[in-house]
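Colleague: One structure follows; several queries about it will come next.
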Ligand SMILES: Nc1ncnc2c1ncn2[C@@H]1O[C@H](COP(=O)(O)OP(=O)(O)OP(=O)(O)O)[C@@H](O)[C@H]1O
């Protein structure tokens, strides 16, 4: 049995149908994700910016206190008509104002710089891993997760953004601030309340510190547990929101890319209905998100209201008993509220934190899909084929990703200079066999060894044309500067694309402009430029008329008489350009020689 795809797992987890991954694993991942940049080669700059950011944030609080202080002094001096202090106070104000403006500017400078450097580093880190071991291809082939592109572009951006209050760094800095203020107000509370005495099994256990402190700590703990519990659906809905938004955008791009076919087939209504369905997911999820948010807001509002009266319930009896003054009642209420709201920081930042948890979870799924190790059934051995052999296949069993068998091929040797045509009905596994030859299909068993000599080139049915000029497209994967214009112009003439020679350097979206048949002739030009010793063609002439298809094969044969060719064709006439045939039938392959017609 094949492992279930991570996509199914991720969606089921978010729907609450499957338990979350172990908390320890998720915490370890979140920790590594957060600290990774700060232990990278850019660590000096990273730490300098982070420390500067923290210093500026606390500097901001300090300037706020300064200006508060100044205000009191200023109004007092006005009330007492101390005109001699006026100029000094104005000067002080200007200095404080300059400091405040400086803090805002420095905060912008540092937070924006840290955001882009962190994002730049993490994006590159993910992109490197996404490209390594062909993961970008494997994730799509197995559909391991949805929209990895959105995760790399959006989720990393949201995760590394320092410029907003609900950013990870902003939350952490706020946490330090609230801890400091919890300690200061806790100290005030200590002075206004007696020890907490709890009767346990006939004994009176006295907890050190003020009773108000202990009540505040219990209350905050209780509140945090309840809020976390209420907030669970909120996190899940936030994650779903990101999925649905990404799906909707992908569907819009899909319509844009296939605009011509949709316009031709007049299926606008169908496409619009599909898009509306995709948007309906966003809308439905929005309402669920709204209810989850209302639940969360209700929880935090009740929590805050109760927090305002608890100290009164605790201190008023002492006031009635004549133990404390009314002033102490009010002072301890203020201190209690300040103390517990500093401790309740977690409850206050929960929505922002929920967004960050959603980002981290989506990046975890991306990490899991990149690290996903699928046992390689088909051994791919480049450079290990024997002398004179271009491709050596042994005991090959091709399977679909779900384990269903596609094709058995006991032994298949393609000798240098041979030209093999692969035939078989649609869906027989011809393209999959070519993927196995290229080392891109691991599902199955057996081995594929490739020659160590020369170069190989695979030409698919739909050619990849890079963004740029027509010359770029012909020269790909080389850079255009590596070949002179005259050579490329001659090739364009040779492949019957002479009309485009004059516009060879124009930057256009050639993929959209050239007809499929013209694109296949660009492929021919590319082959003639690269002159690979092993050429693998997957229905490379499917869009060409009979004459142009024959011209394609004749040109290759004349220009590269000794090259080895493996090609998939549906057109029987083209088989004549080959020396051998591999016919796929009933999941088996029959090999034969093609006799030359006299
Ligand atoms: N990534 C994939 N995931 C699941 N199934 C796949 C995947 N790629 C190919 N298949 C399945 O493997 C089978 C063989 O596909 P393949 O493209 O090799 O056929 P083919 O012989 O080249 O067909 P055609 O002549 O129509 O191009 C098909 O049933 C296809 O659905």
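Bear in mind that the values in this text are calculations on the coordinates, not laboratory data. Here the structure is a predicted model, which means the values were calculated and not measured. Ideal geometry is used to build each Cβ from the backbone, glycine not excepted, and the neighbour counts take in all protein chains shown.
Colleague: So for segment 379-593, averaging the separation of alpha carbon pairs under 8 Å that are six or more residues apart and normalising by length, what relative contact order in percent results?
Modeller: With pairs under 8 Å counted, the relative contact order is 28 percent.
Colleague: Just rank 412, 510, fewest to most, by other beta-carbon atoms within 10 angstrom.
Modeller: Ranking 412, 510 by Cβ neighbours within 10 Å, fewest first, gives 412, 510.
Colleague: When a footprinting reagent is the concern and you count Cβ atoms within 10 Å, what order do 591, 44, 318 take, fewest first?
Modeller: Fewest-to-most ranking of 591, 44, 318: 44, 591, 318.
Colleague: With an 8 Å cut-off on Cα pairs and a minimum separation of 6 or more residues, tell me the relative contact order of the chain in percent.
Modeller: Averaging sequence separation for qualifying contacts and normalising by length gives 12 percent for the chain.
Colleague: Determine, at each q value in 0.08, 0.10, 0.12 (inverse angstroms), the log₁₀ of I(q)/I(0) that the Debye formula gives when each Cα of the chain is one equal point scatterer.
Modeller: Each listed q maps to, in turn, -0.81, -1.06, -1.33.
Colleague: Would you calculate, for the chain, the mean residue ellipticity at 222 nm contributed by helices, counting each DSSP H stretch of 4 or more residues as -39,500 (n - 2.57) and dividing by all residues, to the nearest 500?
Modeller: -20000 deg cm²/dmol
Colleague: I need to check one value: relative contact order of segment 268-402, counting alpha carbon pairs closer than 8 Å and at least 6 residues apart, in percent.
Modeller: With pairs under 8 Å counted, the relative contact order is 14 percent.
Colleague: Could you work out Rg/(2.2 N^0.38 Å) for segment 379-593, with Rg from alpha carbons only?
Modeller: 1.04
Colleague: With a point put 7 Å past each Cα toward its Cβ, work out how far residue 61 is from residue 426 in nm, to one decimal.
Modeller: Using points 7 Å along Cα→Cβ, the separation is 6.8 nm.
Colleague: Quickly rank 428-437, 55-64 as a protection proxy: mean count of other C-beta atoms within 10 Å, highest first.
Modeller: Result, highest mean first: 428-437, 55-64.
Colleague: To the nearest 10 degrees, how steeply does helix 43-79 sit against the main Cα axis of the chain, on a 0 to 90 scale?
Modeller: 30
Colleague: What is the order of 441, 125, 31, fewest Cβ neighbours within 10 Å to most?
Modeller: 31, 125, 441
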